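The values are calculated or read from the model by the stated rules, or taken from the named source; none is laboratory data. Fair warning: this is a prediction, and the values are worked out from it, not measured in the lab. Cβ placement follows ideal geometry from the backbone for every residue including glycine, while neighbour counts extend to all protein chains displayed. Areas reflect the complete protein model, heavy atoms only, side chains present, ligands, DNA and RNA absent. Shrake-Rupley method; radii C 1.70, N 1.55, O 1.52, S 1.80 Å.
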Amino acid sequence: MAETQLDQALAAMEAAPEDTTARLTFYDRLATSELFLMLDQEPQGDTISPEVFDVADAQFVLVFDREDRLSDFAARPVPYVAMSGRALAGMLAGQGIGIALNAGTGAETLLPPEALLWLADTLSQAPQTDEARVEKLRAPKGLPQQVLTALDAKLASAMGLAKTAWLAEAVYEGGGTSHILGIIGAPEGAEPALAGAVQEGLVFSGLEAGALDVTFLKASDPLTAELARVGLRFDLTEPPEPQVQVERPAPGSDPDKPPILR
């Protein structure tokens, strides 16, 4: 059975327990993965009742990153619900319940309640706003490769929310410097989602807060042309053709509205 990206991230974290980057990468993969939570009965509207097990002095729910892993573990038909790791962490945070991930496989691990509380808190961090004036732009320099990789992945996941983004080093009025990410062509209302995605990329790559600013621009803005001249370009993926769906969204499908525990 082929390894998943979550398996690989877990193996890297366990092989280097003192490596902060490996640990952050695992939790980033967990947050963005689709996970399958075993239930003890079928969902009732937005309310779900997971199977909860006692392990030592804590309680855990059974979660798998593939449906076949859940089926192999249960060895019988069982109800379950699919949701993102982000939604699962938000649902369980503060409940005193941890995750038993991929039980019965070679990639199983226990994530205690405090780990989920940390993840939910990390994901809920909102970027700060500022209106400092940019006086000069230069080519970006000094950012670790893992930061660039994380930004590329997060921007790629925000498909359809903008056209392109440019990364440069900015000199601000008063002499302060910082890297700046200019996102071009974002429609009204998309800014918070894009800023949040960038924030997550920075947090999970280990970059210190305040080391990167985000600005939203139109293609006709003078700053856009200057960014294009000196900056590093990121292309955002075009969304797929929309498909008409009439069924009710499954519990956990909206990260901002996790299911209700019973």
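So the values come out like this:
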item	result
Single unsatisfied condition, Gln125 versus (1) surrounded by 15 or more Cβ atoms within 10 Å (Cβ to Cβ); (2) within 14 Å of the chain's Cα centre (by Cα)	(1)
Complete set of residues in segment 183-222 that are in contact with a Gly (Cβ under 7 Å, 6 or more places away or on another chain) and open to solvent by less than 50 Å² (accessible area, probe 1.4 Å)	Thr215, Leu217
Gln59 vs. criteria open to solvent by 40 Å² or more (accessible area, probe 1.4 Å), touching a Gly at 6+ places or on another chain (Cβ under 9 Å) and not in a helix (DSSP H, G or I)	yes
Extreme residue, least open to solvent (accessible area, probe 1.4 Å), among residues of segment 28-56 that are out of contact with any strand residue (DSSP E or B) (no Cβ under 9 Å at 6 or more places or on another chain) and in a helix (DSSP H, G or I)	Asp28
Any hit, segment 163-177, residues being farther than 18 Å from Thr224 by Cβ, touching a Pro at 6+ places or on another chain (Cβ under 7 Å) and open to solvent by 40 Å² or more (accessible area, probe 1.4 Å)	no
Cβ-Cβ under 9 Å pairs, at least 6 apart or on other chains, segment 125-142 side among the acidic types (Asp, Glu), far side at pLDDT 70 or above and surrounded by 13 or more Cβ atoms within 10 Å (Cβ to Cβ)	Asp130/Asp213; Glu135/Ala170; Glu135/Val171; Glu135/Tyr172
Long-range neighbours under 6 Å by Cβ, at least six apart or interchain, first residue in a strand (DSSP E or B) within segment 200-220, second modelled with pLDDT of 80 or more and open to solvent by 40 Å² or more (accessible area, probe 1.4 Å)	Phe216/Glu191; Leu217/Leu223
Single condition Arg69 does not satisfy, out of (1) outside any helix (DSSP H, G or I); (2) more than 21 Å from the chain's Cα centre (by Cα); (3) touching a residue at least 24 places away in the same chain (Cβ under 8 Å)	(1)
Selection count, segment 62-85, where residues are open to solvent by 20 Å² or more (accessible area, probe 1.4 Å) and in contact with a Pro (Cβ under 6 Å, 6 or more places away or on another chain)	1
